[in-house]
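Working notes for the structure below.
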Amino acid sequence: MSERPPANNTGTVDFGAPEAFGAHVFRAEVPANRTEPVRIVEDFGYRGGDNGLPYEEPRAVVERQAWTIISDAARRDFNERLKTSKQSTGRWKTGRTLVERLLGRELCVLAWASEGVAIDQLPIVCTRWAALRPEERWWLFSMTVAEAGLPEDGDRGWRKALHYALSDGARITTDDRRRRTRPKDEQVELPLFRGLK
């Protein structure tokens, strides 16, 4: 009989969301009717209701056909990272699926970027989203939510920028995730760093 995984994976549900009541999480609300859209909601937990902060706020409404594609990309990315940190993996289910706060922000970025994108272009959006580092996704969420973080804000500011940034252009691969350095003859040397090699 094998031992259980380390204790740090207990106390979470679905995609790394704390099991404890009152945690700040996101949730994906997937209706049983396969023609209805999926809603992504930010639940502020115990902080909700304090200093004008709502208890929860809808962040995105995703058409079901688009959700089928983007949710698979998000599941693979999130589960790979959850496995790396020795936590239980998750899966999307009908009803409510909880998502850890930072992963929820990343899911919103993917959902917002997929708005209005043709189905055949969604794999490009998913690949470009996967090529972003988590902290880049968090930054994009923060910039977007500041002015256009509700479902009806789809054609404004950073939401529009996300659409163009992640849906336009050639398909990139996960090998492109690594930052490429310029060849030695093209590198620029700044005066401040001369002689430090």
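No value in this document is a laboratory result; all are computed from the given coordinates. Everything quoted here is computed from the prediction, not taken from an experiment. With ideal geometry, Cβ positions are generated from the backbone for all residues, glycine too; neighbour counts draw on all protein chains shown.
So for R159, R81, fewest C-beta neighbours within 10 Å to most, what's the order?
Details: R159 20, R81 17.
Sorted ascending by nearby Cβ count, the order is R81, R159.
For the stretch 10-177, what D do you get in µm² per second when you plug the Kirkwood radius from alpha-carbon pairs into Stokes-Einstein at 37 °C and 0.692 mPa s?
Approximately 204 µm²/s, per Stokes-Einstein.
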Which one, Q87, V145, L122, projects farthest toward the positive side of the charge dipole computed for the stretch 10-177 from Cβ point charges (K/R +1, D/E -1)?
Q87
I'm a student and want to see the number: the projected area of the Cα convex hull of the stretch 1-104, averaged over all directions, in nm².
7.8
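Quick one: dipole size for the stretch 64-107, taken about the Cα centre, charges +1 on Lys/Arg Cβ and -1 on Asp/Glu Cβ, in debye to the nearest 20. Walk me through the numbers before you get to the answer.
Details: 11 positive and 5 negative charges, 34 e Å.
In debye, rounded to 20, the stretch 64-107 gives about 160.
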Arranged from highest to lowest average of other beta-carbon atoms within 10 Å per residue, in what order do the peptides 99-105, 40-46 appear?
99-105, 40-46
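With +1 on each Lys and Arg Cβ and -1 on each Asp and Glu Cβ, and nothing else charged, work out how big the dipole of the stretch 10-177 is about its Cα centre, in Debye to the nearest 20. Please report the intermediate quantities before stating the final value.
Values: 24 positive and 26 negative charges, 101 e Å.
Dipole magnitude for the stretch 10-177 comes out near 480 debye.
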Amide proton proximity set for A17, modelled H, under 5 Å, gap of 5+
E100
